[in-house]
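Undergrad: Quick one: structure below, then a few questions.
No value in this document is a laboratory result; all are computed from the given coordinates. Predicted model, so just to flag it, every value in this text is computed and none were measured. Neighbour counts are summed over all protein chains in view; Cβ atoms, including those assigned to glycine, are modelled from backbone coordinates with ideal geometry.
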Amino acid sequence: MPHTRSANKNLRKSIKRRLHNRSVIKDIKTQLKKFTATAEAGTVEQLRTEYKVAAKKLDKAAAKRIVHPNMAARKKSQLALALHSKETAGAGATTTAAPKPKK
């Protein structure tokens with residue numbers, strides 16, 4: 001237990017901050033789960049909106065140092081890769097022929 005008034009106040013502040021940070025992290029995890037669920041059984045438009053919400057939450061948390069910025073960037077990259085693969089899979093067989101190698 002804290003002995004001084006300032007230590008007691010710092011304890012109260014840290015408890016309040018910890019609760020807020022945990023709720024933000026929980027919101028991020030929930031949004032990531034929504035994104036993966038939409039990726040499995042949703043349309044590309046729904047997936048795009050889920051990506052935007054998830055990226056915004058990750059950016060805000062990283063800006064306030066609630067999560068590490070590198071972790072936020074890594075998660076956004078993983079989500080963007082999943083979104084891109086879903087978009088290209090939905091496009092169908094619109095692939096172009098490989099260029100011919102030069103001799």
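Undergrad: Quick check for me: using +1 on Lys/Arg Cβ and -1 on Asp/Glu Cβ, what's the dipole size of the chain about its Cα centre, in debye to the nearest 20?
TA: Values: 26 positive and 6 negative charges, 169 e Å.
Dipole about the Cα centre, nearest 20: 820 debye.
Undergrad: Oh, and also: Is it possible to state the helix-based mean residue ellipticity at 222 nm for the chain, with each DSSP H run of 4+ residues giving -39500 (n - 2.57), the sum divided by total residues, to the nearest 500 deg cm²/dmol? What is it? Write down the numbers at each step before the final one.
TA: Details: 3 runs with 80 residues, N = 103.
The helix-only estimate for the chain comes to -27500 deg cm²/dmol at 222 nm.
Undergrad: Moving to a separate point now. Which trypsin sites (Lys or Arg not before Pro) in the stretch 19-83 pass both tests, a DSSP loop state and at most 12 other beta-carbon atoms within 10 Å?
TA: Values: sites: Arg22, Lys26, Lys29, Lys33, Lys34, Arg48, Lys52, Lys56, Lys57, Lys60, Lys64, Arg65, Arg74, Lys75, Lys76; in loops: Lys64, Arg65.
In loop regions of the stretch 19-83 (DSSP not H, G, I, E or B), the sparsely surrounded trypsin sites (Lys or Arg not before Pro) are Lys64, Arg65.
Undergrad: Please give the helix 69-91 orientation as an angle from the longest Cα principal axis of the chain, in degrees from 0 to 90, rounded to the nearest 10.
TA: Approximately 30 degrees, to the nearest ten.
Undergrad: Longer than 27 Å from Cα to Cα, which of Lys9/Lys29; Lys13/Lys57; Lys33/Lys56; Lys9/Lys76; Lys57/Lys86 are they? Say none if no pair is.
TA: Numbers: Lys9/Lys29 30 Å; Lys13/Lys57 23 Å; Lys33/Lys56 15 Å; Lys9/Lys76 37 Å; Lys57/Lys86 22 Å.
Result: Lys9/Lys29; Lys9/Lys76 exceed 27 Å.
Undergrad: Sticking with this structure for a sec: Taking the Cβ of Leu81 as the centre, find all other residues whose Cβ is under 13 Å away and add up their charges (Lys, Arg: +1; Asp, Glu: -1).
TA: On the way: positive: Arg74, Lys75, Lys76, Lys86; negative: Glu87.
Every neighbour counted, the sum reads +3.
Undergrad: How big is the C-alpha Rg of the chain next to the rule-of-thumb value 2.2 N^0.38 Å, as a ratio? Each step should come with its number before you reach the end.
TA: On the way: Rg = 21.1 Å, N = 103, 2.2 N^0.38 = 12.8 Å.
Here the Cα radius of gyration is 1.65 times the empirical estimate.
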